[in-house]
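The values are calculated or read from the model by the stated rules, or taken from the named source; none is laboratory data. Remember, it's a predicted structure, so these values are computed and weren't measured experimentally. So basically every Cβ, Gly included, is an ideal-geometry build from the backbone, and we count neighbours across all protein chains shown. Protein only, heavy atoms only, side chains kept; ligands, DNA and RNA dropped before computing areas. Shrake-Rupley method; radii C 1.70, N 1.55, O 1.52, S 1.80 Å.
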Number of protein chains: 6
Amino acid sequence: MQKTLYVINPNSSQAVTAGIAAAMAPLSRPEGPRIECVTLADGPPGVQTQHDVDRAALSVHRFAQEHRGEAAGFVVACFSDPGLHMLREMKGVPSFGISECAALTALTLGQRFGVIAILQGSIARHWRTWGAMGIAQRVAGEAAIGRTVSELSDQAATLAAMVDAGKRLRDENGADVLVMGCAGMAPFRAPLQEATGLPVVEPTQAAVSMALGRIQLGW
Amino acid sequence: MQKTLYVINPNSSQAVTAGIAAAMAPLSRPEGPRIECVTLADGPPGVQTQHDVDRAALSVHRFAQEHRGEAAGFVVACFSDPGLHMLREMKGVPSFGISECAALTALTLGQRFGVIAILQGSIARHWRTWGAMGIAQRVAGEAAIGRTVSELSDQAATLAAMVDAGKRLRDENGADVLVMGCAGMAPFRAPLQEATGLPVVEPTQAAVSMALGRIQLGW
Amino acid sequence: MQKTLYVINPNSSQAVTAGIAAAMAPLSRPEGPRIECVTLADGPPGVQTQHDVDRAALSVHRFAQEHRGEAAGFVVACFSDPGLHMLREMKGVPSFGISECAALTALTLGQRFGVIAILQGSIARHWRTWGAMGIAQRVAGEAAIGRTVSELSDQAATLAAMVDAGKRLRDENGADVLVMGCAGMAPFRAPLQEATGLPVVEPTQAAVSMALGRIQLGW
Amino acid sequence: MQKTLYVINPNSSQAVTAGIAAAMAPLSRPEGPRIECVTLADGPPGVQTQHDVDRAALSVHRFAQEHRGEAAGFVVACFSDPGLHMLREMKGVPSFGISECAALTALTLGQRFGVIAILQGSIARHWRTWGAMGIAQRVAGEAAIGRTVSELSDQAATLAAMVDAGKRLRDENGADVLVMGCAGMAPFRAPLQEATGLPVVEPTQAAVSMALGRIQLGW
Amino acid sequence: MQKTLYVINPNSSQAVTAGIAAAMAPLSRPEGPRIECVTLADGPPGVQTQHDVDRAALSVHRFAQEHRGEAAGFVVACFSDPGLHMLREMKGVPSFGISECAALTALTLGQRFGVIAILQGSIARHWRTWGAMGIAQRVAGEAAIGRTVSELSDQAATLAAMVDAGKRLRDENGADVLVMGCAGMAPFRAPLQEATGLPVVEPTQAAVSMALGRIQLGW
Amino acid sequence: MQKTLYVINPNSSQAVTAGIAAAMAPLSRPEGPRIECVTLADGPPGVQTQHDVDRAALSVHRFAQEHRGEAAGFVVACFSDPGLHMLREMKGVPSFGISECAALTALTLGQRFGVIAILQGSIARHWRTWGAMGIAQRVAGEAAIGRTVSELSDQAATLAAMVDAGKRLRDENGADVLVMGCAGMAPFRAPLQEATGLPVVEPTQAAVSMALGRIQLGW
């Protein structure tokens, strides 16, 4: 039986999951594995605080435990990678976080990456991640667009804010590659790249692409 | 009313809590705050895996939420600091982790610290913490004594293993100060110091001492 | 006999010492130790150059040697920590520097700290300290208010300059916690915190608070 | 027309290329791209010195220029990544180096990786790469097996030397994941993993797997 | 016979070589070695891309091989140090790169250096060098003047652009020493220093000065 | 009038000064400056503790102030570089420390340097220097020979201890270049190099050589 790569959206927003699923289209392969994007019904509406992250971590882990048998792999589709290191304790199934994979991908596309964060309050958490990964020297900086979940639904304004943040990271921080610090916004990747002239990493695609390779290798 | 500094043992072992409480004796002050060491009944018997850590984090947070009103501060008394960054989102009550405070204290007692870990499997997690703290350059190394929870009850053998690990960190890794990577073993601090000739940091005392100072300052 | 924690102002300004002493009020404890803030009559009027620092170091050391018998501990109350590592060679009495302790405290209050320096010329010296401490990755930046000793006496203008520097560190460098890079200005801590919305570390209080804890532990 | 992912062995050894090609089997996909492993006839017999690396770089670049039209991507299959940054100046075709990709993969499989080098003389060059990548903090160490090209043909002895190096990296340097610092030795991956109990990264598979994902994304 | 220190301009511009040669005047010594500045006829007109760098590396190496017998030492006079690590494999003749030596010299003149680059596209390459050298923490930033080779011939405008970049590095990035990221512009050093108030490192003079010392030592 | 480069031995040992002076022979140049090695009569017999260092710093500074008029430059010939940053505040005369210059020289001779220290107790101080210099990543390690000043006079035994330390740094720490962490032992450089097969940096020669170059440049 074909196994499944689970892409876990740890917040309860079906819209975000749908956005992630749409971004998977170019990655599906006839020979599998199946890619299934799931919403965790018991997740918070959005992962914003550390409390959201840590609560989401357990939900993600619970889901993974329950689906371990049919899982080819797991991708945690939230830019704080909730539960990633717990999942890695499950032997035999590779697990990936979109933040980690986005950063690793950025390292191959430029020398110093800038991160477009949604909320100012997440930036310190991201820096802890870059520090734990030992790659802080490669981070040019972070800039937040500072929009709430409801404001994000105004797509034109959100994209404009992301372009503005990207240009500041490029011009003031010296970023030569950008990372979108959020899931579910893949359609903004191309226009952001166009507007800033820099390569842009969409983290869910980056992570699923790496996961598929590793599943194929059986590592 | 005098407020309370809660020292939270996130595992369910009353013996460990008792050990921590005994170590608090030199730190209690007539003018307060009260220091109360608590056991989280719903915690794991010991915090060993990342799953233990992340599960403990939520229990710690739940406890803190419930006791916020009477809390002068919180100390998370487990060397993986479960829940620390969640607690820090609660404004108005300072929170501390024994791992973070032990490291910061070590930075004032020597130039490169060695960590005596209980389990080999915790060392990678510790390195993530030192990386996130941006202090990895000050870490001489880690050495695990590799004893299970039940084996730890043989105190003489445990101390001997810690002395051995401490000497290796001193001689092979160049550590000039040692950190005990566990809670509840304060009585070993003096003999360990004696045997290795290096200053030794006991993490719960280090953390509570820093917490009391900050409570007094009202920061 | 109750021992004394000496807080040593290495410059000859009684006004600065008085300011430091005032900041100690919330930290004094009935059970001791006594906290005594001293002015070194042979110190420079202000510690500005490296020559001032190195000359002050010997005065600080001389004072400590002379008062070793009755000392519970020493705090060097100048942001360049003159003489700190000499004091640490005196076994049996713990010693602290306000710069080191301010930085360590900041590490528990935010992810990347900004330092408000008095003089532009001190910033390189501070960076050497952050480098020697191995924590440069956690420093968002430094900004100098550029006021001479006599100009500092205009308190309103000094505070305004500090607020301005703090806002630049927050907005341009991404600092999420601020460190006041000077002794004797504790009353500015609260308004600075208020104006910038960031936690602010006053270094003499941070250091004395840590010193008291360590004295209590006997480490 | 289906495009081709060129896996370029920059040395002139057909045997090495054959070894690399055999390792590609699990990675080929019906939907393409074609994976073609090529030997550069004008390359050195083995890439050992910096001169070998820099000379190989131009050969790799020349090959890539000539095959750009039909190329889906390029993988430089030598652990010194000769020519990688030149290839990245060709817009529209993604390029990867096995050293860089092996390291990035290792970052997801452990906290501190050890590298099994072939020659002692390559280790300084590797450290320059880890430094340029800004990930030196994640490197536990390197150990060379110290065997010449002709000695490598004794497979049993070579594997034994790699196991020995891997165990030293694990026990003395604290590595929790190993990277094979050479191409063409994929069959040793499983026994090395078995013997050391650590995950092992084979660099050509790691790189081709990442390349295929990126080609699929069109990044 | 007096040996020769070859200062190799790897681009084909005689004008640049003439500029370098003029800058050698204060460094020539009666007791030798002779300093000879050479143009590599087969070099690119200017070293701008990574391809230029890597191609130049082989030309530099070829020249060095041919002149090894009479060489007292080699200085690679291009800010990307093409071929430096190849030259270092030639035992018995010391080799230097102007980028490496400029950085090392800057480390003795200030705490955080800023680099004035010619082209934006070279900055990522420079950061790889600072990373490989393990000194990135000392780099305040880089700023490009963004002028093409032909535009550089307008000296007044070029100097004005360099002064502007230098001031930005000083005021926005906190640089307290500047490095000119190019060869052949020694006459700009003094006015740049004058205009910015910071010490300025001219890289060819820095490198030749270090090379002469090492030749004298016989190291 | 020809100016003088003062090489200041901050301890009171004439024998050490004589050793330094002997090492200057290959560096003297007919065209000047004169090189004069001086003993500070008021210095400690040997610089061992931080107190020695800080006390020596003021003596060094006093000497430099008094000889500023005829000075072409100053080299502080003690591996703790006492007073270096004070001297650098004297404008118009370049100053160098043997520790800083030895490290910078080592960076051009290998990728990771090992330091042979005299006393175990100096190693922490050295690490503070490498940290302040931002080059700790390039330090493979330090090893002390652990001989007192009087024991150092047994030259054969001292050299044997240095060879032993050098081999440990090479084999256990991966050093590919060695730095002698002391002044006055230049004759040991060649045999140490011979015995270990690694390039060896003698710090006073390294520093004077750099100083002469900078004096010639007028920087």
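Things to note:
- Test for residue E:176: is it open to solvent by 10 Å² or more (accessible area, probe 1.4 Å) and within 14 Å of chain F (Cβ to nearest Cβ): yes
- Candidates in segment E:103-136 are the residues that are of a type in the set (Phe, Trp, Tyr) and within 14 Å of chain A (Cβ to nearest Cβ); of these, the one that is most open to solvent (accessible area, probe 1.4 Å) is E:127.
- Cβ pairs under 6 Å, 6+ apart, first in segment F:195-219 and within 8 Å of chain E (Cβ to nearest Cβ), second part of a loop (DSSP other than H, G, I, E, B) and surrounded by fewer than 22 Cβ atoms within 10 Å (Cβ to Cβ): F:199/F:109
One line per residue, one yes/no per condition, for (1) touching a Phe, Trp or Tyr at 6+ places or on another chain (Cβ under 9 Å); (2) in the same structural domain as residue F:186 (by TED's automatic domain parsing); (3) under 25 Å from residue C:125 (Cβ atoms); (4) at pLDDT 95 or above:
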position	(1), (2), (3), (4)
F:104	no, yes, yes, yes
F:110	no, yes, no, yes
F:127	no, yes, yes, yes
F:145	no, yes, no, yes
F:151	no, yes, no, no
F:169	yes, yes, no, yes
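- In segment C:184-206, the condition of being modelled with pLDDT under 95 and open to solvent by 20 Å² or more (accessible area, probe 1.4 Å) is met by at least one residue.
- Of all the numbered requirements in (1) in a loop (DSSP other than H, G, I, E, B); (2) surrounded by fewer than 24 Cβ atoms within 10 Å (Cβ to Cβ), residue E:156 misses one, and that requirement is (1).
- The residues of segment E:163-193 that are more than 20 Å from residue E:104 (Cβ to Cβ) and among the aliphatic types (A, V, I, L, M), listed by number, are E:163, E:165, E:190.
- Any hit, segment E:76-89, residues being among the β-branched types (Val, Ile, Thr), free of Cβ contacts under 8 Å to residues at least 60 places away in the same chain, on the phi < 0 side of the Ramachandran plot and in contact with a strand residue (DSSP E or B) (Cβ under 6 Å, 6 or more places away or on another chain): no
- Residues in segment B:179-191 that are more than 13 Å from chain C (Cβ to nearest Cβ) and part of a helix (DSSP H, G or I): B:187, B:188, B:191.
- When every residue of segment E:138-147 is checked against the conditions, none turns out to be touching a residue at least 40 places away in the same chain (Cβ under 8 Å), crowded, with 23+ Cβ neighbours inside 10 Å, more than 8 Å from every other protein chain (Cβ to nearest Cβ) and not in a strand (DSSP E or B).
- Any hit, segment F:164-172, residues being within 30 Å of residue F:213 (Cα to Cα) and either open to solvent by less than 30 Å² (accessible area, probe 1.4 Å) or aliphatic (A, V, I, L, M) (or both): yes
- Of the numbered criteria (1) among the aliphatic types (A, V, I, L, M); (2) within 14 Å of chain D (Cβ to nearest Cβ); (3) in a helix (DSSP H, G or I); (4) touching a residue at least 24 places away in the same chain (Cβ under 8 Å), the one residue B:163 fails is (2).
Residue by residue, here is whether (1) closer than 25 Å to residue B:92 by Cα; (2) in contact with a Phe, Trp or Tyr (Cβ under 7 Å, 6 or more places away or on another chain) holds:
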| residue | (1), (2) |
| --- | --- |
| C:135 | no, no |
| C:140 | yes, yes |
| C:154 | no, no |
| C:157 | no, no |
| C:175 | yes, yes |
| C:186 | yes, no |
| C:195 | yes, no |
| C:208 | yes, no |
